[in-house]
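Trainee: Before anything else, here's the structure in question.
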Amino acid sequence: MTTKIKLIASLKIWVVIYPSITLFLYFLGEPLSVLPLYQRTLILTISLVPWITFVGLPLVNRLVDLTTYRDENKKV
């Protein structure tokens, strides 16, 4: 894997993780604040890892593929 591909993959993951964690904490941060840190972390990861893996990243990949496909058609 080249460095460019790794960088693009990292950016795609970040584009999904950052807003997901931000929204999770915005909506559930206060109610979960009464729990110990390890329980908050467990709840955060149990809910966000599947979201990121099965919804977020495939959505970003699809959007990038559509954009790339559209750009390739314009060049031809």
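Trainee: Which one is farthest from the chain's Cα centre (by Cα) among residues in the range 18-54 that are in a helix (DSSP H, G or I), over 25 Å from residue 67 (Cβ atoms) and among the hydroxyl-bearing types (Ser, Thr, Tyr)?
Mentor: The selected residue is 38.
Trainee: Considering only residues that are surrounded by 11 or more Cβ atoms within 10 Å (Cβ to Cβ) and without any contact (Cβ under 8 Å) to a residue 24 or more places away in the chain, look in the range 18-28 and name the one that is nearest to residue 60 (Cα to Cα).
Mentor: So the first thing to find is which residues in the range 18-28 are surrounded by 11 or more Cβ atoms within 10 Å (Cβ to Cβ), and the list is 19-25, 28.
Then keep just the ones that are without any contact (Cβ under 8 Å) to a residue 24 or more places away in the chain; that gives 19, 22-23, 25, 28.
Values: 19: 13, 22: 17, 23: 17, 25: 21, 28: 24 Å.
Across the range 18-28, the extreme among qualifying residues is 19.
Trainee: Which residue pairs have Cβ atoms under 8 Å apart, sit 6 or more places apart or on different chains, and have a first residue in the range 45-64 that is surrounded by 11 or more Cβ atoms within 10 Å (Cβ to Cβ) and a second that is modelled with pLDDT of 95 or more and among the hydroxyl-bearing types (Ser, Thr, Tyr)?
Mentor: 48/20; 51/20; 52/20; 56/20
Trainee: Within the range 1-17, restricting attention to residues that are free of Cβ contacts under 8 Å to residues at least 40 places away in the same chain and closer than 13 Å to residue 60 by Cα, which residue is nearest to the chain's Cα centre (by Cα)?
Mentor: That would be 17.
The values are calculated or read from the model by the stated rules, or taken from the named source; none is laboratory data. Fair warning: this is a prediction, and the values are worked out from it, not measured in the lab. Backbone-built Cβ (ideal geometry, glycine too); neighbour counts: all protein chains shown.
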